[in-house]
Every structure is written in C-alpha cells, then in structure tokens.
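Worksheet: one structure, shown below.
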Number of protein chains: 2
Amino acid sequence: MGEFIPRATRFVDLPTPFPMHRGGALHGARIAYETHGEPNAARDNVVLLLTGLSPNAHVAAHPLDPTPGWWEAMVGRGKPVDTDRWHVVCVNSLGSCKGSTGPPSTDPATGEPYRLTFPDLSVEDIADAAAFTVRALGFERVACVIGTSMGGMSALSLLTRHPGLARSHVSISSAVHSLPFSIAIRSLQREAIRADPGWRAGDYADEAYPHQGMLAARKLGMVTYRSAGEWDVRFGRSRMAAEHRPGGDPFGPEFAVEGYLERQAQRFARQFDPNSYLYLSRCMDWFDLGESSGCATAAALARVEVEKALVVGVQTDILFPLRQQRQIADGLGAGRADVQFLALESPEGHDAFLVDTARFSPPLAKFLSEL
Amino acid sequence: MGEFIPRATRFVDLPTPFPMHRGGALHGARIAYETHGEPNAARDNVVLLLTGLSPNAHVAAHPLDPTPGWWEAMVGRGKPVDTDRWHVVCVNSLGSCKGSTGPPSTDPATGEPYRLTFPDLSVEDIADAAAFTVRALGFERVACVIGTSMGGMSALSLLTRHPGLARSHVSISSAVHSLPFSIAIRSLQREAIRADPGWRAGDYADEAYPHQGMLAARKLGMVTYRSAGEWDVRFGRSRMAAEHRPGGDPFGPEFAVEGYLERQAQRFARQFDPNSYLYLSRCMDWFDLGESSGCATAAALARVEVEKALVVGVQTDILFPLRQQRQIADGLGAGRADVQFLALESPEGHDAFLVDTARFSPPLAKFLSEL
C-alpha cells in the first residue's frame, strides 16, 4: 500500500495497545499526517484538519511534495487557512490506507495484512488517534479543528471526548449521525464491493481485485456527492464522444453523465483500498454523537467546549443535508459557543467545499482571521 | 415466463411485422392487457392506463383475479377511476415480461428466447403498441390516457404520434425526457445486473440468474423512489431485529432501512426478467419527446391535441422532479389544452402515486368526473 502515501507524509506512533471503541486493540499502529506553516512561539496556532472518507493527509502543495493537495484552494499562504499564520496539521484517518494503520496494514501479530481481522473501526477511534497525534506533536490545545464531511463527525467526536483540546471549530457538510438515506447509499456501495467476486471476502490481491465493485461504489458516491441541478446544466442530455463509447456492449455508457462517472470511478478504483473503504464507510453509519456521549444529541452538542464555531452547509447536499448542519449549529449554539451558521447556495452538493472556492473561501477566511 | 402473467390478462396480436422505432421489427408479437368496467353504448368511456417500468396489467382486483392490483386504491367501483363509469384498459408495456412480447419471449424465427437479440426498445414502440391495442379492441378514441412514471412518457409519445386518439390526459410523476441524475441511477442499476456473473450476457437460466444484480438494482431503485425525509421518520436510526441479521457477515445489513431494502428487493428479483429490465430502463434514458417529434420540446407539447389535462407531481420526487412536471404542464398549457397542475406535498417521493391515496384520490376523481 506504499504507493498510496504522499511524499510529505510524516508519522506518529500510537500507544501500544491502542484500545478500539467497539472492542479489541491495535498494536504498533501509526497515524500519517502532513503539516503546513510553522508553529509559533506560543504553540497556539495549530489548525487541525480532519478529512472525509477518501482524502489523504496531503491537503496542499508542500515543499516536499509540490503536487496539488485535496484542498489546495483553501490551504496555503494567503489562502483562507493561511499558513503564514496557522500551523496546519492534516491527519489521515485511522483505518484509511494513505499511511495511517488500517485493514491493508501488516498485523504485527501475524506478519500478514489485517484485512478483515482489523478490529471494528469507529469514528471515536479516528478522533482519539487524531487527538493523540496533535498531543504527540507537542500541542496541548489547537486553535481550531476543521472537519469536512466524515471529518466533521470525527471533529465532533474529538470535541466531546477531548474537552479543551480545541478552542474553536469549523464544521463543513457533516452530521451528528447518519440518516437512513445516506446509510442506504453506503450500504449499497459496500454491497457492490462485496458482491464483486474479486473481493474474495477481503482477501484480494493485485491480480484478483474487486475493480468492478469499486467502480460501482464510486459512481454511486458521485451521484450523491453532486446535485441533480448541477448535472442538468453541466451534462443535460449530451452524448459521449463516439470514440469513447465501448463497442459491442448494447448497454454500455452512452450519455455524457455516464462517461463522467466512468472517468471519476476509474481514477479512484485503484487508489483506495477496498477493505479500508468498507471499514470507513461502516463507521460513518455507526457514528451517533448522542449515543457516543451517553446522552441526547442536543445535550452532547451543548456540552462542547469551544469558544466559537462556524457551521457551513450546502442547500443542494443530499448526503449530509442542510437540516443536519442546522442541527449542529443549533446544538452548539445552545452551549457556550458563539456559533455562525451558513447555508450556501452552491450547486455542487456535498462536494461543494472541494470545488466552490468562491463561496467557501470568504466565510472560512473571515472566521479564522477573527480567532 | 408464464408465471409472471396475471390470471385476468388478455392479449392482442400486434401486426406482423411490427416495425420498431430504432430499427428492426417484431413478428408474431402480442400485447397483454386487462380491462375493468364495461364499454358503454357509445364506446366513448375508455380510460387507457400506461404503467411505469415494473407493473403488469393487473391494475386492480378483477372477477378472474381477485388479488389486489398495483393501483388497487385508485381503480374500481366508486374509486377515483370509477369502473361504474369507465372502461379501464391497462396495457402491459411492450418489452416487459408480464405477458407482452419482450426479451424473454420466444423469437419465432429461431424458436429460442430473444434475450439480447430483441431489437432496441423505445418508448415510441410502447406507445405504438398501446395505441394499436385500444384500436384493436374497437375504440377509435379514448376518453383519457393516464400515464404514471415511465407510463407518462409512453402517454406523451402516444399523444404526439397518434393525435386524436385521446380526449384528455393525466400525467403523474413523469417527464418529457430523462435528466442526468435519473440516467446515472439507471445506468448504475443496469451495471449492477450486467456485472453479476449470473447474467451471462443475457443468457441466464433458472440455475444461473443475476440474483445479486437484480437485488442491487432494485435497492438503488427504492432509494430513488422514496424520499430521505420519509425514511427519517419511518426508520431513523433503528436497527433490524437481531434474528433477521445474517450471522458471520461483518458488513451485512444492520439498520432497519437496510432490512427494508433487502425485503423489497427480494420480493422483486425473481418477479421480473433481468433482460426486460435492461431494455425498459434503457428506453427511459433514450426517450426525448422533442427529439421524437422533430422539434423543440415545448413545441411538441403545445401540439398535443387533448381538451383537458391534469399534471401531478410530488415535491419530494428526486427521480422525476417537480420541475419536470411543471415543464409538462406549461408545455401542454401553451397548446389547446385546459391544464391543471398540482404539486403534492407527499413525503413518499416518486412512489407517492402508489401509496398516498389521500392526496392523489381527490384530484384524480374530480378530473375524471368532470370529463
């Protein structure tokens, strides 16, 4: 899995054993992270960034890795997360395959990859590992924890499990728990991977790989990451160029939107470990901030000890719908936090924070500049 | 495929050859239909009902088949489509597997099932076959053609290709063409079936059947037939009863919504021919009323020669969204028709016309009673 790890990635060893929320423990596990900008003398300028399901820790171009990162438009000198001021620590989630320990990692007990012997993964584990990472780097408190999508769940879990660790919070297109629509979509994505004979109950190799299942899972993902309205404008009923249409397949892709899904999926399929995908996907369904906190969701949110929070949602997001963003904002606002809630009109749905720089930059820049 | 045909089904032989819109022709083809109520003396009381992708012609309980039909709440004595007044003719779409000729039917030229040698199927063919059927039954003009979902596409095609055949029209949750979101969903459904090794390029048998693919296709369908909001209320984050959860599968269904999808899919998978599903699904993507009419969509709609039309859409429908219903209403209204447009607030999404009897009955009953 070494080919998945970006060049500027560094590592923190987790304590052994590292107990897992749903049982079991990891031994000799590590967390991959990348940093941008420098810590200041007071060591109080850390912005901790927790990602969605698929990104690695390479959030932006880095002296050791000049390729664009997954949030290139937002992180860097003079950008909304301004690395002239902030020391950005972007953490690759525990369970992922981009450097942090996950199902494709070697189990020291056997010398073989964990695969499905990896213990149940929870958002709580991702949060605990991230909290350990910033502390291991010598920071007792971060100025802000930013979480996007699944990363917002991780951030909320971190805030409730590690009170005092963060001074402020930015939540983008996330949720306190998954609702049935997104559970259904992820269930179908997992089913597509598991139904692929190449999956072999997690025991695939390069020559036997659930390629078709990964393509199907990613395509279904794309359908829910974007919005119908964006696609009406972008693709309409346009057809693919004839030379890109496979011959001899009476049901092969024909419309431009089908070609787009195929290209997006092909880009992803060999870049993400299928077992990691299954574990991360499942932990999003399981996460429930209230359940995790042993109280009602609203009470869990009200207890969060940040001074300020910015909660941003997108009106066209069908995977983490706006009502879930409002729930976070209302819940945090009922506590001690000064909360700003923004409902953006981006047409790009859940993915808007990755592409709609024009709408996302100003509020994020303003919030951080006022910290 | 005989087991798919309801008991009250009757048949009309299509002319031989029956030319197909995209080329080729059928020989010895037939259309399955069911009737409810009696023709009046003037033979002007026919309501022609064109269905969505999956229903058969058994629309309601019948003297020869007392089992409930797919629109039981709406068709019958004293119901909105009142069979004391109307002679209802419900047609099983050409290409389906519920009695009308389709891919599982025997090709008289070979004595073998057509499977993928069935010619390209178009909504235009479904419309032509339905028009032929009512004329073969001795009706030169129907009082109303009702189309639901795909059946609304068939109805619009019939109205433009057979001007004068219908005096009025009810369009429910349909479209003048498919937009990229629904094309993407259907493309993924077809891919799930084709990716199943049991599909064998359409050459499956009882012992090798794309069961998993059909389950996945139906589950994805259900996700788009209902609405996220309905499921929030209906399922929330409830778990399945422990006794229904498969043992030994770390990624098996766990949430109530997953169990619901599984049950719905199991009910469907062996009740619909996979090749028929692929052909019908594809023809919905292809259909484009404007293209079919050789003019702009608006012009095609304005030319429709009905006296009155009722266009009903549902605000939570993500598959045939409300803007597409408004497009039909506006387009028909620009012509000679007196058009009523209704945007219902049903939580059940695209499926609302099948289940939200309370909201659908009054306007449908009123429209028909005023004819």
* Taking the Cβ of B:GLN340 as the center, what net charge do the other residues with Cβ under 11 Å away carry, scoring Lys and Arg +1 and Asp and Glu -1? -> 0
* Structure fact -> With the 8 Å Cα cutoff and a minimum separation of six or more residues, chain B has a relative contact order in percent of 17 percent
* How large is the helix-only mean residue ellipticity at 222 nm for chain A, computed as the sum of -39500 (n - 2.57) over DSSP H runs with n ≥ 4, divided by its residue count, in deg cm²/dmol to the nearest 500? -> -10500 deg cm²/dmol
* List the lysines whose alpha-carbon lies under 18 Å from that of B:LYS219, not counting same-chain residues fewer than 8 positions away? -> A:LYS219
* **Under 5 Å, built H, 5+ apart or other chain: amide partners of B:PHE255** => B:MET240
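Dipole of the protein assembly as shown, Cα-centred, from +1 at each Lys and Arg C-beta and -1 at each Asp and Glu C-beta, to the nearest 20 debye?
My answer is approximately 660 debye.
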* Structure fact -> Spelling it out for A:LEU344: with amide H atoms placed in the peptide plane at 1.01 Å from N, the residues 5 or more places away or on another chain with amide H under 5 Å from its amide H are A:GLY313, A:VAL314, A:GLN315
* Sequence-distant or interchain residues sharing an amide H contact under 5 Å with B:LEU26, placed H: which? -> B:PHE18, B:MET20
* Structure fact -> Straight-line reach check, B:LYS98, cutoff 20 Å on alpha carbons, 8 or more apart in-chain or any other chain, hits among lysines -> none
* Asked: In chain A, what percentage of the DSSP-assigned beta bridges are antiparallel, given to the nearest 5?
  -> 35 percent
* Set of lysines near B:LYS366 by C-alpha distance (under 23 Å), chain-local residues within fewer than 8 positions excluded -> B:LYS79, B:LYS308
* Sparse-neighbourhood loop sites, GluC sites (Glu not before Pro) in the stretch B:197-272 - DSSP loop, at most 13 other Cβ within 10 angstrom -> B:GLU207
* Inter-label distance for B:LEU371 and A:GLU370, nm, one decimal - labels placed 7 Å from Cα along Cα-to-Cβ -> 6.1 nm
* Which of rounded, prolate, oblate describes the stretch B:183-277, given a ≥ b ≥ c as roots of the alpha-carbon gyration tensor eigenvalues and a/c under 1.5 marking rounded, otherwise prolate only if a/b is larger than b/c? -> oblate
* Which percent of Cα-Cα pairs in the stretch A:1-100 sits in each 5 Å bin, short to long? -> 3, 13, 21, 23, 18, 11, 8, 3, 0
* Positive-pole candidate from B:ALA298, B:SER276, A:SER93, dipole of the protein assembly as shown, charges at beta carbon -> B:ALA298
* To do: Determine the dipole magnitude for chain B: charges of +1 sit on the beta-carbon of Lys and Arg, -1 on that of Asp and Glu, nothing else is charged, the reference point is the Cα centre, and the result goes in debye to the nearest 20.
  => 340 debye
* Structure fact -> Note, the stretch B:73-79: 3J(HN,Hα) by Karplus (6.51, -1.76, 1.60, θ = phi - 60°), whole Hz, Gly/Pro = x, goes 5, 9, 10, x, 5, x, 8
* Structure fact -> Quick calc, A:GLU305 & B:ALA208: beta-carbon distance into FRET formula, R0 60 Å, rounding 0.05, result 0.50
* Asked: In the stretch B:111-220, which trypsin sites (Lys or Arg not before Pro) fall in coil by DSSP and have 12 or fewer other Cβ atoms within 10 Å?
  -> none
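Read-outs: derived from the displayed coordinates by stated rules, not from any lab. Please read all numbers here as calculations on a predicted model, not as lab measurements. Cβ: placed from backbone, ideal geometry, glycine included. Neighbour counts: every protein chain shown.
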